[in-house]
1. Hand me the list of strands (runs of 3 or more DSSP E) wholly inside the stretch 116-191 holding 1 or more residues that are surrounded by 19 or more Cβ atoms within 10 Å (Cβ to Cβ), modelled with pLDDT of 95 or more and assigned by TED's automatic domain parsing to the domain that holds Val91.
2. Which residues, taken from the stretch 232-272, are assigned by TED's automatic domain parsing to the domain that holds Asn157, of a type in the set (Gly, Ala, Ser) and assigned to a loop (DSSP other than H, G, I, E, B)?
3. State yes or no: is Glu440 touching a Gly at 6+ places or on another chain (Cβ under 7 Å) and either modelled with pLDDT of 95 or more or surrounded by fewer than 20 Cβ atoms within 10 Å (Cβ to Cβ) (or both)?
4. For the stretch 334-370, what are the residues that are surrounded by 14 or more Cβ atoms within 10 Å (Cβ to Cβ) and either outside the structural domain of Gly316 (by TED's automatic domain parsing) or over 23 Å from Thr128 (Cα atoms) (or both)?
5. Select, from Arg394, Arg387, the only residue that is assigned to a helix (DSSP H, G or I), touching a His at 6+ places or on another chain (Cβ under 9 Å), assigned by TED's automatic domain parsing to the domain that holds Glu460 and basic (Lys, Arg).
6. From the list Ala478, Ala494, pick out the single residue that is in a strand (DSSP E or B) and either touching a residue at least 24 places away in the same chain (Cβ under 8 Å) or β-branched (Val, Ile, Thr) (or both).
7. I'm trying to understand the selection: among the residues of the stretch 106-131, which are over 21 Å from the mean Cα position of the chain (by Cα) and under 10 Å from Arg387 (Cβ atoms)?
8. For the stretch 472-486, which residues satisfy the criterion of being of a type outside the set (Lys, Arg) and touching a helix residue (DSSP H, G or I) at 6+ places or on another chain (Cβ under 9 Å)?
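The values are calculated or read from the model by the stated rules, or taken from the named source; none is laboratory data. Not measured: the values here are computed from a predicted model. Positions of Cβ are backbone-derived with ideal geometry, glycine not excepted, and every protein chain shown enters the neighbour counts.
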Amino acid sequence: MLETRETLKRKRNRARKYERDDARRHRGNNIPLIMAGLVVAAIAIVLLGNGLIKEFGSSRERADLSEYLGISGDGETVLIIDGETSEEKAVIQNGNVYIPMQLANQFYDNFYYDSLEGHLLVTGATKTTEGIEGTDYIPGETVYVSLSFLSRFVPLNYEEYADPSRVDIVTRSVSVTTAETDEDIKMRVSADKQSPILMDIDKGETVRITEENDDWAEIRYRAVTGYVESKGLTGERNTSEITLTGGNEADQQYLRHIRDHKIVLGFHNVAVADANSYLEEAASQTKGMNVVAPTWFALSDNEGNISDIASPDYVGKAHELGYEVWGVIDNFTNAVDTNEVLARTSKRLILEQNVISLATAYGLDGINIDFEQLAGETGDDFAQFLRELSILTRADNIVLSVDNYVPQDYTDFYRRDIQGRVADYVIIMGYDEHTAASQEAGSVASLGFVTQGIEDTLKEVPAAQVINAIPFYTRKWAYEGGTLSCESLGMRDAQAFIADNGAQTVWDADACQNYASFEKDGVLYSIWLEDSESISSKLAVMTAHDLGGLACWKLTQETPDIWDTITAYYPSGN
């Protein structure tokens, strides 16, 4: 049947409607895809923008300069010393910059503070300068020294800056390279445009260049080290030498009384005045000895006075025999508080004057200071005592020598470094490795102990000023019923003990000593001998290190053959 025209029209309209509905359906299904595409495009645009910023832009983030310089609290003033930030902090008072005295001593190790009597003293080779409280120093638990006072003794430059408070100290006269900024630039934490900004630098400012390449320069500006782009600097580089100011009162020319021959010293234990008459007997078997050191003087009270059993006849006889006389002063008197004397300037000066008065009255060639068992708190006071005393001995042409334990961590406060600077000779008491206080038996002076003592001392004192003392004694050890005890024996008595008991000795290769051990009547005895063989081993080490000489504790305890051994290494003290 043929369709009518109306029927065909309705069919065409339905077809068009279907096509329109189908198109709508397809467009609805594409919306998520379109949205996803738009998101991806947005992300790409952001990433591209960030990349371009990173490649061509610069961060505007600013660093905390106080934190960068290590300032942790309000009111702190940081110290930058020769370009390095110090852990120590400065104090600003009345327009003056003050630094801790401990730090001042790193530049000029001559500062001392007497907290009991209130003196800040700066002692050099020839004089002592006293600081003025409130101007040159600020007292307290930490003593602060003004940079203006320090600069009297040390050539240095310093400049103060604010926001944050910092002081730039320069102590080295070195060559520096500088340049001017060609535009306003920013100093950054690192060589990266994205690193934080430390500070802004105006055009025309002068900066110091410490390192640079084509893109970046490490610079110092107003005591701060950071990085700037090289293009911000002019092409011209200027090189100059830093000129330091001050230091006109530096007093470090120590004229030492070092002999042109090796010292061979014998300690003579003079316990009572009558013993002075036994000098010739005590020295009768010596060979090559050129110095005798009698134990005449002792710190006798807490006021700086000295007990005295010296004899002018002894000095005259010693000189006739060809010996110099170095009088020994010790601090062994019971009831005397050495710290009380040394820590007070008034008493310390009395002691020093008494030492010099005795030395000049008896015509002594030298003084030997034997202050033992000092407390750690006395270290600075002892060093100041030696500084001050050395001025007097130097002026009167008197040799100053100081006795020291073999270096250990707990004796560092004796300040052998200062002794080596102010004294003429530093004597190592190269013995008492094992004592009555030891928990086990052992040698008085094994070779390893002696060698270590010499090598550690030489780290702080020049070899020509070092004298090593050897023992003319040993210790006999007895172990009975779980108890260890010992007795000191001179060389002669030790050999007699071996002979009387028919003991056999063997060579202890570690100690480099002859050793004996035996049991008798339920007691286990042991002994490490000091004899020509052990002494020879020690002397070989001493001469190998070219020390200034040797000392012997003490005369009359040795066997005669020891002096033949000594002269084999030190012939006539040469």
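1. Output list reads 119-123, 144-146, 157-161, 166-170, 175-180, 185-188.
2. Hit for the stretch 232-272 is Gly235, nothing else.
3. No; evaluated as a whole, the condition is false for this residue.
4. Correct list: Val336, Asp337, Tyr362, Leu364, Asp365, Asp370.
5. Going through Arg394, Arg387 in turn, just one is assigned to a helix (DSSP H, G or I), touching a His at 6+ places or on another chain (Cβ under 9 Å), assigned by TED's automatic domain parsing to the domain that holds Glu460 and basic (Lys, Arg): Arg394.
6. The unique qualifying residue is Ala478.
7. First pass over the stretch 106-131, keeping only residues over 21 Å from the mean Cα position of the chain (by Cα): 114-120, 126-131.
Passing the criteria: only Thr128.
8. Phe472, Tyr473, Thr474
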